[in-house]
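Trainee: Dropping a structure here in structure tokens format, bear with me for questions.
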Amino acid sequence: MRNLISYILKNYFFFLFLLLQVVAFIFIVQNHQHHRSFFFNSSNYIVGNIYQINNNIVRYFSLAKTNRQLAKENNELLSQIQGSFLKTDQQVFIFRDTLYQRHFSYINARVINNSVTNRNNYITLNKGRNHGVKPDMGIITSHGVIGIVRKVSRNFSTAISLLHSDSQISARIRKNNHLGTLIWEGYDYTTATMLYIPTHIDLNVGDTIVTSGFSQIFPSDIFLGTIADFEIRKGDNFYTLEVDLATDFNRIDYVNVVNNIFKEELESLENATITTE
């Protein structure tokens, strides 16, 4: 404190000059309408820009929270679509309608590790057994199918990507419902291959490919991609389709893990049927 006072006393001419300049500036602003308007407009401009910069900074650092909230809301919306319900009766009841029962529920998760350059690619999620994730659950986003959960720990899980040699997705052509199998042949993470489409089927580039709903892993009508090209390979009796994938696997972040509520019941019934034959 003593040093500060000593510094001011040594330079009091400079500080007196600054004080007089401030007083003169205040008199000018108060007594001249033009200067007063200019001062307040400039002040508003500067303050407005400061607020804008501050708002942009706050919004940037809140993106993670916003993304989590959007993922949660997306799960709630997925749970309400018709594909997430199972029709259980042919009668429609006006009072306490029991025509549909919920078939699928969803667990939001974030991808914390991912690969696209290997022949067999894997994904790691930040959700595990404690969050309800189990092996053989499907993984999707709003853009399409991502993969299938394989291993689960308490807080994490790993999955095979659709970009994996073991990946086989039951798919269909939306416009005519013809079924096929979507696989990845390992060439390009933006494209996949659809097999077993009969040669009498009318095909066009741009036709939409979706999940069939015939597996116990994915709901029906999840977007997979569009037909980019098709051919009959030598020795085949079916079309082979090149499919442009809807998902950019190099940019996946938040995903939804699909829980088939009736999976155990359906598998138990099907296994019992096979055993008795």
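Only the coordinates and a few stated rules stand behind these numbers; no lab work does. This structure is a prediction, so every number in the text was calculated from the model and none was measured. In this analysis, Cβ positions are derived from the backbone assuming ideal geometry, glycine residues included, and neighbour counts consider all displayed protein chains.
Trainee: Rounded, prolate or oblate: which one fits segment 107-260, using the alpha carbon gyration tensor with axes a ≥ b ≥ c (rounded when a/c is under 1.5, else prolate when a/b beats b/c, else oblate)?
Mentor: prolate
Trainee: Taking Cα pairs under 8 Å and at least six residues apart, what relative contact order does segment 213-277 come out at, in percent?
Mentor: Worked out over segment 213-277, it gives 28 percent.
Trainee: In percent, how large is the relative contact order of segment 107-260, given Cα pairs closer than 8 Å and 6 or more residues apart?
Mentor: Dividing the mean separation by the residue count of segment 107-260 yields 25 percent.
Trainee: While we're looking at this one, here's another question. If Lys and Arg each add +1 and Asp and Glu each add -1, what is the summed charge of the other residues whose beta carbon sits under 15 Å from the beta carbon of Arg150?
Mentor: Its environment carries a net charge of +2.
Trainee: Restricting to DSSP loop positions (anything but H, G, I, E, B) with no more than 15 other Cβ atoms inside 10 Å of their own Cβ, which chymotrypsin sites (Phe, Trp or Tyr not before Pro) remain in segment 140-215?
Mentor: Here the chymotrypsin sites (Phe, Trp or Tyr not before Pro) that fit, given the DSSP loop and packing criteria, are Tyr187, Phe214.
Trainee: Sticking with this one: Compute the length gained on full extension between Val205 and Ser153: take 0.36 nm times their separation in residues and subtract their Cα-Cα distance, giving the result in nm to one decimal.
Mentor: 14.5 nm
Trainee: Would you mind computing, in nm to one decimal, how far apart the modelled labels at Glu231 and Asp136 are, each placed 7 Å from Cα along Cα→Cβ?
Mentor: Calculated label separation equals 3.7 nm.
Trainee: How do Thr247, Thr124 rank when sorted from fewest to most other Cβ atoms within 10 Å of their own Cβ?
Mentor: The order, fewest Cβ neighbours first, is Thr124, Thr247.
Trainee: What does the charge dipole of segment 119-192 about its Cα centre add up to, to the nearest 20 debye, if the Cβ of each Lys and Arg holds +1 and the Cβ of each Asp and Glu holds -1?
Mentor: 320
Trainee: When the chain is fully extended, how far beyond the present Cα-Cα distance does Ile274 get from Asn177, taking 0.36 nm per residue of separation?
Mentor: Contour length minus the Cα-Cα distance gives 32.2 nm.
Trainee: While we're here: Under the rule of at least 5 residues apart or a separate chain, name every residue whose amide H is placed under 5 Å from the amide H of Ile197.
Mentor: Those qualifying (amide H under 5 Å, at least 5 residues apart or on another chain) are Tyr239.
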